[in-house]
Amino acid sequence: MTSAAPVPAPLEPPAPVTSPPAPSTPQVEPWSLARRYGFRFVFAFLFLYHLPFPPKSFWQPLEVWLARHVFGHDLVVPTGPSGSGDKAVDYAHLAFMLTLSFLVAGVWSFIDRRRTDYVKAHDFLRVYVRYILAVSMLSYGFAKVIKTQFPFPNLERLTQPLGDLSPMGLLWTFMGYSPGYNLFTGGAEALGGLLLFFRRTTTLGALVVIGVMVNVVALNFFYDVPVKLYSSLLVSLAVFLLLPDLRRLADVLVFNRATQPTVLATPFTFSSRVTWALRGVKAVFIGWMLYSSVSQNLSMSEKWGDAAPHPPLYGFYDVESFTRDGQVLPPLLGDTHRWRAFIVNRHGPTVRKMDDSRKRYFGTYEEGSKSFTLAEGRQPDAAKLVLAVEQPDAEHLVLKGPYEGATIEVKLRKVDTASKFLLVGRGFNWVQEFPFNR
């Protein structure tokens, strides 16, 4: 008798392959009273301070009143541009905006006291700050990449003793010497700005901007560059963008713990047509920003930067002989009349005397009249003097005319700057047997 064959067990269907669950929108917990008021204050300040309209001059009467009656400072409003971002009026504007934001936050808290969170408003503010910071970083970045912010040291700067440099002048000379370092730092600034345009790379962009701008702030503070306020505000914008991810970054970089992906979707809901339209507007805006930044800096470089053409007779000239009212003056150190050098820069000539004093002039060589018209200022009514120019050969000049109450005749010899100035002629070297530290 044979036994029946065992019946095989039925096969179970394979388990379905499932993708990992997408991160769901977390449940929003009610914000605390302090967090709500803090957000209202930050929102008001960041929005109002960086709003392009109305202009700062619109607030100046109120700022003058606040400075005089609250802080006891007799604020003087400048009548023209100064090139400084750390004027008293700039600090007054910051104080006024902080005060105004405090009042706005108080009124907002009373009107909107029943609201428990500001998730959508926070998202809007992040977009606003991203674009404000990105535009600023592109502007500063391309000014270094195309090298308009820090031009190469001019001939006058090359003859200036190191001890006579201001801290800012020393920094500008250091930065202006190297196109490569400008490209490196400017490229990092522009990269941070580009990353901020996109929600997915905002955290990375904020980290890049913080790394770059903290160094800029340190340079501004420790070399006395009057952009301390604005550069510090740019760092604060990057920190604001980084705050939501601080805990996740700490988990990964410090505590070696797993972290969850963040939700990148916007809290605002749009139709697909509106979404694509907004993407198109964004692409046009980014393209326009890149084009305008590059074209503007290229134009500035061709007019004022290293790519600008040299004026006629550009160069450094040593004084071979100096005659004043028919009397030849020997090259004695400390002489307040005799010239030591005559320097023709892009913005006008400079006279350097034997006592190391310098006199800068505005004006250029006039080819038609064979003369230098030297003005002591840019104003139309500035004092002017005219010196006749003779050019015996390509390496020599003779200047004649009235100067400081006397008639002078100055014979000049042009000097090759690469051989005269080590900073110009040294260049880059891959192989160095010994440090060349002069």
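Model label points for Leu33 and Leu183, set 7 angstrom from Cα along the Cα-to-Cβ axis, are 5.9 nm apart. With the simple model of a label 7 Å out from the Cα in the direction of the Cβ, Phe58 to Glu395 spans 6.4 nm. Distance between the modelled labels on Ser82 and Arg113, one decimal in nanometres: 4.4 nm (7 Å Cα→Cβ projection). Looking at this model, which pairs from Lys144/Lys359; Lys147/Lys420; Lys147/Lys384; Lys303/Lys353 are more than 27 angstrom apart at the alpha-carbon? Violating the 27 Å Cα-Cα cut-off are Lys144/Lys359; Lys147/Lys384; Lys303/Lys353. Computed from the C-beta positions of Tyr223 and Thr262 and an R0 of 60 Å, the FRET efficiency is 0.95 to the nearest 0.05. Taking 0.36 nm per residue of sequence separation and removing the Cα-Cα distance, the Trp65/Asp335 pair yields an extension gain of 92.0 nm.
A full extension of the chain between Lys359 and Leu385 corresponds to an added length of 8.1 nm, given 0.36 nm per residue minus the alpha carbon distance.
The distance separating the Cα centre of the stretch 113-170 from that of the stretch 328-343 comes to 43 Å. Packing order of peptides 120-129, 277-286, highest average first: 120-129, 277-286 (average count of other Cβ atoms within 10 Å over each peptide's residues). Between the stretch 67-83 and the stretch 375-424, the C-alpha centres lie 41 angstrom from each other.
Counting 0.36 nm for each residue step from Thr417 to Phe124 and taking away their Cα separation leaves a gain of 100.0 nm. In order along the stretch 63-71, the phi-based Karplus estimate (6.51 cos²θ - 1.76 cosθ + 1.60, θ = phi - 60°) of 3J(HN,Hα) comes to 5, 4, 4, 4, 5, 7, 9, 9, 9 Hz; Gly and Pro are listed as x.
Here, each number is a calculation from the coordinates, and none is a lab measurement. Just so we're clear, the structure is a prediction, and the values are computed from it rather than from any experiment. Every residue, glycine as well, gets a Cβ built from its backbone with ideal geometry; the counts of neighbours run over all protein chains shown.
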